[in-house]
1. Specify the angular offset, from 0 to 90 degrees and rounded to the nearest 10, of the alpha carbon long axis of helix 304-316 from the longest principal axis of the alpha carbons in the chain.
2. Give me the percent of Cα-Cα pairs in segment 3-188 that sit more than 30 Å apart, rounded to a whole number.
3. Could you give the length gained by full extension between ARG41 and ALA92, i.e. 0.36 nm per residue of separation minus their alpha carbon distance, to one decimal place?
4. Out of GLY161, ALA188, SER141, whose Cα points farthest toward the positive end of the dipole of segment 110-257 (charges: +1 Lys, Arg; -1 Asp, Glu; placed on Cβ)?
5. What does the charge count near VAL313 come to, summing +1 for each Lys or Arg and -1 for each Asp or Glu among other residues with Cβ under 14 Å from its Cβ?
6. Under the rule of -39500 (n - 2.57) per DSSP H run of 4 or more residues, summed and divided by the residues of the chain, what mean residue ellipticity at 222 nm is obtained, to the nearest 500 deg cm²/dmol?
7. With the cut-off at 1.5 for a/c, could you classify segment 192-316 from its C-alpha gyration tensor as rounded, prolate or oblate?
8. If you fit an axis through the alpha-carbon atoms of helix 190-211 and take the longest principal axis of the Cα set of the chain, what angle between them do you get, 0 to 90°, nearest 10?
Amino acid sequence: MDIAIWGAGSVGLGLATCLARSGERLRIIGRDPETIEHVEREGLTRSGIFGDRHVPPSDLVLDPDPTALATTPPEWILVCTKAFAAADVAAALAPIRPHLPDETGLVLCQNGWGNEAPFLPFWPREQLFHARVITGFHRRSPNRVEVTAHASPVALGSVFGVDPGSVPGLGALAKRISEGGIPTETRADMRAVLWEKMLYNCALNPVGALTGRRYGELTEDPTTRRIVDGVIREIFAVLGAAGIEVGWSDAGAYTRHFHDALIPPTARHESSMLQDLRAGRRTEIEALCGAVERLGRDVGVPTPIVSGLAALVRAAERPG
Ligand SMILES: NC(=O)c1ccc[n+]([C@@H]2O[C@H](COP(=O)([O-])OP(=O)(O)OC[C@H]3O[C@@H](n4cnc5c(N)ncnc54)[C@H](OP(=O)(O)O)[C@@H]3O)[C@@H](O)[C@H]2O)c1
C-alpha cells in the first residue's frame, strides 16, 4: 500500500511508525530540517503504551517537496498538520491533484470541524475522509514519539455519507494502522464521531487555556463548570438546528455522561490549547469554537458563550 503522510509532527510521525513496512518506502512530507536530518540518520522510534517500534531510515523518505506525489502517486494521503494549516496544504495539493488517479484517497487527521473546506473545490467528496484521533502522541525528540494515552480506536470515515463498506481501501488502511500497533476502525457515523470529540474539546480546551486549570479543577469550581455546561448546551442547540445527530438525545444526557464518565479519567489533564498559548503558538480555536460559531450563524442559533471564549482565545494568542 503506497501511503503519503503530510506533516511530520506528533501525529504524522506516530502514524508513520504504524504504517512503515520493511522493503517499502513510506513517504512523509515534512519541512523541519532537524527532523529530516534525524530521521535520515537514525530512522523513527515509537515508545509508550503500545510498545516500542523502530523504523529504520531505509523504510522512510522524509521530503519537504510534495510535488514528487505527482510522479509516483500514492493510494492514500494522510494530512497530519494542525487544522489551521489546512488551507496551505490544500493550496500545495491543488496543482498536484490532476496528476493523481481518481481513486486516490485523502484522510484529514486534524481536530475540529470543517477542515475539508479548502480541499472541496478540487478533491472528490467520495474520496475525502476524516480521521478522529483520541490517541495522545508526544514528541520526545525530533524522531522519537511516545504514545501517552489512547481513549478509543482511531476512527476513519466520511462526513459525506460514503459507506466505508463501499471503499475497501479504507478498511485496508485501518487494518494496516492497527497491525502497526494502534487500534483503528472504520465508522459509518463519522459526523457524530467528530462532533463527540468537538463537544469535549470545545467544552474544555478554551476554558482550560484561559484559566490555566486542569479539567478536574474546571468542573469542580461552580463558576467554570457553568461555562463548560453552557458550551455543551449551545453546541446541542446548534446541532439540533443543523440536523446533526450525536450519540446523546440532548445536552442534559451528554452533560451527565461528560461529568460521570469522561472527566474522572482525564481530571489531571491540561488543555493542549493551554500548552499552545504558553508556548506562544497559534491555537486551533477556529476549527473548534470558531466552527461552532459559524455553524450557529448559518442555522440562526446564537452562541454567546462559545463566541465569547473564541474571542478571548483569539485575543490571547496574538503575538506578544
Ligand atoms: N498530538 C496529539 O496527541 C493529538 C491527538 C489527537 C489529535 N491531534 C490533532 O492532530 C493534528 C496534528 O497535531 P500534532 O500534535 O501532530 O501537531 P504538530 O506536532 O504541531 O505537527 C504538525 C506538523 O505539521 C507540519 N506542517 C504544518 N504546515 C505544514 C505544511 N504546509 N507542509 C508541511 N508540513 C506542515 C508542522 O511543521 P512545522 O513544525 O514546521 O510547522 C508540524 O510538523 C491537530 O489537529 C491536533 O489537534 C493531536
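The values are calculated or read from the model by the stated rules, or taken from the named source; none is laboratory data. Predicted, not measured: the structure shown is a model, and the values here were computed from it. All Cβ positions, even for glycine, are placed from backbone atoms using ideal geometry, and neighbour counts span all protein chains on display. Heads up: the accessible areas ignore ligands, DNA and RNA and are worked out on the full protein's heavy atoms, side chains in. Shrake-Rupley method; radii C 1.70, N 1.55, O 1.52, S 1.80 Å.
1. 60 degrees
2. Here the tail beyond 30 Å accounts for 11 percent of pairs.
3. Full extension of this stretch gives 15.6 nm more.
4. It is SER141, whose Cα lies furthest towards the positive end.
5. Counting the neighbours of VAL313, the net charge comes to 0.
6. Calculated at 222 nm, the ellipticity per residue is -12500 deg cm²/dmol.
7. oblate
8. On a 0 to 90 degree scale, this one is about 70.
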